[in-house]
Structures are given as C-alpha cells and as structure tokens.
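S.K.: Here it is: the structure, laid out below.
The values are calculated or read from the model by the stated rules, or taken from the named source; none is laboratory data. Small disclaimer: the values here were computed from a predicted structure and weren't measured. Virtual Cβ from ideal backbone geometry, glycine too; neighbours counted across all protein chains shown. Ligands, DNA and RNA are stripped out before the accessible areas are found, and what is left, the full protein with its side chains, is counted by its heavy atoms. Shrake-Rupley method; radii C 1.70, N 1.55, O 1.52, S 1.80 Å.
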Amino acid sequence: MTGAGRFRRQRRLFLSVAIDTFGSGVFLPLSLLFFVTVRHFPAAAAGTAVTVGSLASFAVVPLCGRAVQAVGPKSCLVVSNVLTALGYGLFFAAGNLFTVAAATFVVTASDRLYGAAWPTLVARFAKPEELTEWFSAVTVLKTTSLGVGTLGATALMALAGGHGLEVALALNSASSLLAAALLLGVTVPAADRPGLRAARSNTRAALGDRPFLSLVASQTLLSAAWLIPTVAFPLYLVEGLHQAAYWPTVVVAVRYATATTLQMRISRLLSGWSRSRVLGLSIGAAAGAIALTATVSTAPHALQGPLAVLVAVVLALAELASKPTAAATAVAMAPKGDEGPYMSLFQLTWTVSYAVGPAVIGLGLQNPPLLWSPLALCVAASALAHRLRTPWRSRPRPHGPSVRGLREEAEAP
C-alpha cells in the first residue's frame, strides 16, 4: 500500500496523531517555563518536581502492557489522550511542588500507556513487510506536527508572554481530547491471538527474552545521542562557545527539516537491507557524529556553528533510519497478537533518555569533554548490545508457532 493510499484509508487515525502531536509541540517546549512564569515556582524546585513525576511514571509500564492486552490498543490510546488532557488541566491547579509532581505523573503515565498501545495498534493494520514503512510515515507526520506546534509555541510566547503559556496549555489539553474523539471512529482489525491454552505474554517474559532485551538496551543507549541537537547544542553553542543566539534555532530547524523531508526517501533507500544492518549503520553514524561533536570546540569560531549543523544532519539521518526500523523490529519480535507487554517495555528506548538526559547534559556542559565521552560510551555500549543479539537468534521463542522466527525478523527489510 502506498503512503498516499495509507493516509486515505486511515485518515482519522493519522489526523488524530497529527492533532495530538501538534498540541504537544505547542506546549511541551514551554512546560517548565509555565511553572516558573505562571505558577511562580523556583526553576530548580519546579524542575526537580517534574523529574520526580516523570521518573515515577515508569512504575506503570507493566500495568500498561496488561491494559493493552485487556481492552485493546485503541481503547488504551483513547484513555491515554483523556488522561493527558486531565493531567495538563491539573497544571492550572498546581499550587505546590507535590501537585506539580502529581500532574506531571498523570501526563507522563498517560505517555507510557500511549507508548505501549501505539505500536500494538500499528501491528493490527500493517502487514509484516509494511511495518517499517508505517512507522516511517508516522515519524514524518509527528515530526512535522511537532515542528509546527513548536513554532506556534514560540509565537504565543512572543505575542502574549505568560498569557500565551496559558493559551498553549489549554490548546494542548483540547488537542488531546480531539485526538481521542477522532480515535473513536477508527475501526481496528481483530488480532490473531495466541491459542486459549497458550500462556499470555507479560513483562517478565519480555525481560527474559534476551534478543528483545538486547534490542531495547541497544536503542535506549543510542537514544542518548538524539539529545545533542535539541538539548545539548542550544546551551553549548551560546553559553559554552559564545556563538550568536540564532545558531541553536538553525540547528533545531535543520534537524526537523532533515527528518521531515528525507524520512520516507531514506526508508525506501534502505528497504532492501536487513533490519539488523540498518540498525548497525545507524549506530555507526551516531558514533561518527559524536566524534565530530568533540571537535566543535577546537574549530575556528566561524566554523563552530556550521559544524554543529552538520552534526545535527548526521544525527537526524541516523535517527530517522534507526527509529522506524527498531520499532518494526520490536513488533516483529513480539508474540503475534499479544504485543502489549513487549511494546510497553520497548518504549524505554525513547523515554529514558528524555527523562534523565536533560539533567545529565546540564551537569556535563560545565565540562564538555566529560559530556561527550559518556555519550560516546553509550553509543559504544549500544553497538555491543546490538552485536550480542547475534548468538541468540536461533533460540526458541515464547508462544511457539504464533511468533515470527528471530532469523526471519533479523533479515526482513
């Protein structure tokens, strides 16, 4: 099925994703600023409360997998959107640091549920050979919507200050409810579930599946590199290298533009490659980008900004090759028709770095060589975890014939 045909047949589904992501783009860049500017909390205290709430949400990951099994991915996505709207609504009522942490927990816990349900929903619609293309198409849609939403957030802040933050928050809550309403009209194909006598998948089984756990570990470690253009460079370029204030904007804009314009083209270019090879190539590209990052401070001042842009492009290419391929690989490795617990665990590949990365980068930028070195070690460890999947490809899988073989998965495009 072509990309255009996919959008025509599942218009409501993709529109729901676009609206939900647009709302996130409008508010997420300003969320901490909201607590500081509108609710008048000290920045350090508000940041700590947000981090605590975010980290606490990881405790619900096993519950999310069971919820997807119990009521299905579509219902979980609807519930996730409603909880997101509720959580952001609680931001308006946050009167102390406990309520800041609680509101953040509701929002991020709903994200954990969304992360478990969304890949499972894709597995209902896509044929095995279409998985990477589906995830690539959604990545383009989300990146575009997030970028447009972020531009909208900047405009609201510039035009209305604190009131603009309140408008952004209200728009984000409304977008979540609208996304939920659109999902109600989506018809989801029935899953081919395991036989009645077969044990259901669970988080313990996923944790005991060493090839799958190697994939999760590899991608979680690799995701530390994705924070460089959007989190590390804005501070590093301006505060550390004393570059003009427009360079962070250029870096982020180029990163989004690269992902939006080249995602489908790169996916088609790599369609004949095995998923394992694509993931290995992405890890190598990320390692090269970090090596290039370490040279930025020693380059002439006039070249530091352009060099940071080049790093952003390389990392964007690595990310847009890796993320859809890894998601497709995870779905292919999960028990067919019973993917929920596996997908709830797989979401760690992007949520962990965004939960702890900003704090680590903030500390590391006081001594950049001490920051780039740990990031390089993370990518090296990612390569090792990826490599360690190889000896286990032939091991038996849970649910027997109901699950795709590992070698078939590893070699599939």
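S.K.: Work out, step by step, the length gained on full extension between residue 239 and residue 44: first 0.36 nm times the residue separation, then minus their alpha carbon distance; give nm to one decimal.
M.R.: Length gained between residue 239 and residue 44: 68.3 nm.
S.K.: Please compute the per residue accessible area over the chain with all protein chains in place, 1.4 Å probe, rounded to a whole number of Å².
M.R.: On the way: 17560 Å² over 413 residues.
Accessible area per residue, the chain: 43 Å².
S.K.: Shifting gears a bit: Over what distance in Å are the Cα centres of the stretch 61-137 and the stretch 302-349 separated?
M.R.: If you average the Cα positions of each part, the centres end up 18 Å apart.
S.K.: Sticking with this structure for a sec: Is the shape of the chain best called rounded, prolate or oblate, per the rule: a/c under 1.5 gives rounded, else a/b larger than b/c gives prolate, else oblate, with a ≥ b ≥ c the square roots of the Cα gyration tensor eigenvalues?
M.R.: oblate
S.K.: Can you tell which of 161, 25, 53 shows the greatest fluctuation in a Gaussian network model of the chain with Cα springs below 10 Å?
M.R.: Result: 161 has the largest fluctuation of those listed.
S.K.: A further question follows. Tell me the relative contact order for the stretch 76-174 as a rounded percent, counting alpha carbon contacts under 8 Å between residues six or more apart.
M.R.: Values: 63 pairs, mean separation 31.4, N = 99.
Relative contact order, the stretch 76-174: 32 percent.
S.K.: Using packing as a proxy for protection, rank 111-120, 168-177 so that the peptide with the highest average count of other Cβ atoms within 10 Å comes first.
M.R.: Highest to lowest by the protection proxy: 111-120, 168-177.
S.K.: Between residue 377 and residue 246, 0.36 nm times their residue separation minus their Cα-Cα distance comes to what?
M.R.: 44.1 nm
S.K.: Evaluate the distance, in nm, between pseudo-label points positioned 7 Å from the Cα of residue 210 and of residue 181 along their respective Cα→Cβ axes.
M.R.: 5.2
S.K.: As a test of reading the structure, rank 279, 86 by solvent-accessible area (1.4 Å probe, protein chains only), most first.
M.R.: Descending order: 86, 279.
S.K.: Hey, rough spin-label estimate for residue 354 and residue 154, points 7 angstrom out along Cα→Cβ, what's it come to in nanometres?
M.R.: Distance between label points: 1.9 nm.
S.K.: GNM on the chain, C-alpha springs below 10 Å: top fluctuator among 325, 230, 21?
M.R.: 230
S.K.: So which residue, out of 323, 74, 127, gets the largest mean-square fluctuation from a GNM of the chain using Cα contacts under 10 Å as springs?
M.R.: 127
S.K.: Name the residue from 90, 180, 328 whose Cα lies farthest towards the positive end of the charge dipole of the chain, charges +1 on Cβ of Lys and Arg and -1 on Cβ of Asp and Glu.
M.R.: Of 90, 180, 328, it is 328.
S.K.: Helix-only estimate, please: 222 nm mean residue ellipticity of the chain, summing -39500 (n - 2.57) across DSSP H runs of length 4 or more and dividing by its residues, to the nearest 500.
M.R.: Using -39500 (n - 2.57) per qualifying helix, the result is -25000 deg cm²/dmol.
S.K.: If you don't mind, another one. Pop the C-beta distance of residue 294 and residue 271 into the FRET formula with R0 = 45 Å and round what comes out to the nearest 0.05.
M.R.: Step by step, r from the Cβ atoms, then E = 0.85.
S.K.: Given labels modelled 7 Å from the Cα in the Cβ direction, how far is it in nm from residue 96 to residue 365?
M.R.: 3.2
S.K.: Over the chain, with every protein chain in place, what whole percent of the accessible area is carbon and sulfur at 1.4 Å, could you tell me?
M.R.: Exposed carbon and sulfur together represent 69 percent of the surface.
S.K.: Next question. Fully extended, how many nm does the chain gain between residue 71 and residue 127 (0.36 nm per residue separation, minus their Cα-Cα distance)?
M.R.: Full-extension gain reported as 17.9 nm.
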